[in-house]
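The next block holds one structure in the form of structure tokens; read it before the comments.
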Amino acid sequence: MNKTVEMLNQYLSDLAVMNTKLHNLHWNVTGKAFKQVHVYLEELYDDVFEKYDEVAERIKMLQGYPKASNKEYLETSKIKELASKDISTEDAFKSVFNDYGYLKELATETRTIADTEDDFVTVAILEDHVAFYDKVLYFVRQTLK
């Protein structure tokens, strides 16, 4: 298996766990601006799911096998799950900020590896992901001020 596929599988695991984590935040967020934050978190998990599917399909196009079980995801993901409990809007945004910072770094690193393997399709996909993460990080940073 080439290094790009290996990195994409790490990314896939992180996206899978992030999808669940964002649902948890969406369902359990409380506090000021609840409705806006609740809606924003839904937008984020919809986007993460699209990225998750796109990455799995890219792994298949590269003749690899995407991880496809919660057990595999939890064993390899660096995104940590949250307990199901009330979480303040501020804590929800702090969690998103930390995790999206990590996802941006991972997508950037994976993009760089794909570039060394002349995999320009993966490079293009991940550049779009990095740009989106950068925007989310900006929005969340401004919100937390």
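Quick look at the numbers
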| quantity | calculated |
| --- | --- |
| Flag if residue 90 is touching a residue at least 60 places away in the same chain (Cβ under 8 Å), out of contact with any helix residue (DSSP H, G or I) (no Cβ under 6 Å at 6 or more places or on another chain) and surrounded by 12 or more Cβ atoms within 10 Å (Cβ to Cβ) | no |
| Residue list for the range 93-105, restricted to those being among the acidic types (Asp, Glu) and open to solvent by 30 Å² or more (accessible area, probe 1.4 Å) | 105 |
| Every pair of residues 6+ apart whose Cβ atoms lie under 8 Å, when the first sits in the range 47-70 and is more than 21 Å from residue 130 (Cα to Cα) while the second is of a type in the set (D, E, K, R) and not in a helix (DSSP H, G or I) | none |
| Filtered residue count, the range 43-87, keeping only those that are within 16 Å of residue 10 (Cβ to Cβ) and either touching a Leu at 6+ places or on another chain (Cβ under 7 Å) or open to solvent by less than 30 Å² (accessible area, probe 1.4 Å) (or both) | 13 |
| Residue tally, condition in contact with a Gly (Cβ under 8 Å, 6 or more places away or on another chain), surrounded by fewer than 17 Cβ atoms within 10 Å (Cβ to Cβ) and at pLDDT 95 or above, over the range 1-42 | 0 |
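A quick yes/no check of all residues on (1) modelled with pLDDT of 95 or more; (2) among the charged types (D, E, K, R); (3) in contact with a helix residue (DSSP H, G or I) (Cβ under 6 Å, 6 or more places away or on another chain); (4) open to solvent by less than 80 Å² (accessible area, probe 1.4 Å):
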| site | (1), (2), (3), (4) |
| --- | --- |
| 107 | yes, no, yes, yes |
| 110 | yes, no, yes, yes |
| 113 | yes, no, yes, yes |
| 116 | yes, no, no, no |
| 124 | yes, no, no, yes |
| 130 | yes, no, yes, yes |
| 137 | yes, no, yes, yes |
| 140 | yes, no, yes, yes |
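The values are calculated or read from the model by the stated rules, or taken from the named source; none is laboratory data. Predicted model only: the values in this text are computed from it and were never measured. Because the Cβ atoms are built from the backbone with ideal geometry, glycine has one as well, and the counts that use them run over all protein chains shown. These area figures cover heavy atoms from the full protein model, side chains too; ligands, DNA and RNA do not enter into them. Shrake-Rupley method; radii C 1.70, N 1.55, O 1.52, S 1.80 Å.
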